[in-house]
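Novice: Please see the structure below; I have some questions.
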Amino acid sequence: MKMIPCSICGKMCYGKSCCRECFEKDKREWVSCQTCGTLFQTYKSNRRRGCGFYCCLACRPPGNHKGKFGNKNSCWRGGQVDLDGYIGILRPDHPHANNGYVYEHRLVFEKFIGRYLTTKETIHHVDHNKQNNDKTNLLYFPHGIWHSHFHLIEKEVGHQEALDWYAKKNFDWG
């Protein structure tokens, strides 16, 4: 292979760049901000994608950004995501939202009882189908320990016996 001068420092090398430092410098370029004219450094790949025209958020015009939310985002799928088999619904204002999403079965039960569930309260799917969020398929447990106990009974003596045990407990969600 023929040696050529490095495109950054001029040292003789076998590729376009002689070292990691020159390789990184070659990926960036100095440009002028389209709003204020300040010189700043950006990646060439950003410019190819149509980004990197403004030095800061203050210079960027409102509404002109890649971080579009909700139905304005190209990845929008109706506000539902798969959270480990469960359906997650976009509710950024919910007090127990995780990254803006809440489990649908919790939302269904909260609507049924007319209040938010606490973080200790647990909802169980009777048919073990995480996608079946019909309120008749959901059981309420005031604490996760009761839910674990339900699964232990279910494992030891069977599903119907566990449901009978649950019916006797008469958990109150009021």
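The values are calculated or read from the model by the stated rules, or taken from the named source; none is laboratory data. What you are looking at is a predicted structure, and each value in this text was computed from that prediction instead of being measured. Methodologically, a virtual Cβ is constructed for each residue, glycine included, from the backbone with ideal geometry; neighbour enumeration extends over all protein chains shown.
Novice: How about the range 121-174: which of its residues are among the aromatic types (Phe, Trp, Tyr) and assigned to a loop (DSSP other than H, G, I, E, B)?
Specialist: Once the filter is applied, which keeps residues that are among the aromatic types (Phe, Trp, Tyr) and assigned to a loop (DSSP other than H, G, I, E, B), the range 121-174 yields PHE171, TRP173.
Novice: Restricting to the range 48-65, name every residue that is modelled with pLDDT of 70 or more and within 12 Å of THR35 (Cβ to Cβ).
Specialist: Answer for the range 48-65, where residues must be modelled with pLDDT of 70 or more and within 12 Å of THR35 (Cβ to Cβ): PHE53, TYR54, CYS55, CYS56, LEU57, ALA58, CYS59, ARG60, PRO61.
Novice: Only residues that are out of contact with any strand residue (DSSP E or B) (no Cβ under 6 Å at 6 or more places or on another chain) and surrounded by fewer than 12 Cβ atoms within 10 Å (Cβ to Cβ): list them for the range 33-54, please.
Specialist: The answer is GLY37, SER45, ARG48, ARG49, GLY50.
Novice: Look at VAL31 and say whether it is of a type in the set (Val, Ile, Thr), more than 23 Å from the chain's Cα centre (by Cα), modelled with pLDDT of 70 or more and part of a strand (DSSP E or B).
Specialist: Judged against the criteria, VAL31 is a match.
Novice: Could you list all residues from the range 147-162 that are over 19 Å from TYR116 (Cα atoms) and in contact with a strand residue (DSSP E or B) (Cβ under 8 Å, 6 or more places away or on another chain)?
Specialist: PHE150
Novice: Do we have LYS68 as surrounded by 10 or more Cβ atoms within 10 Å (Cβ to Cβ), within 24 Å of the chain's Cα centre (by Cα), modelled with pLDDT under 80 and among the charged types (D, E, K, R) here?
Specialist: Taking the combined requirement at face value, the residue satisfies it.
Novice: Are any of the residues in the range 90-105 outside any strand (DSSP E or B), closer than 23 Å to LEU163 by Cα and modelled with pLDDT of 75 or more?
Specialist: yes
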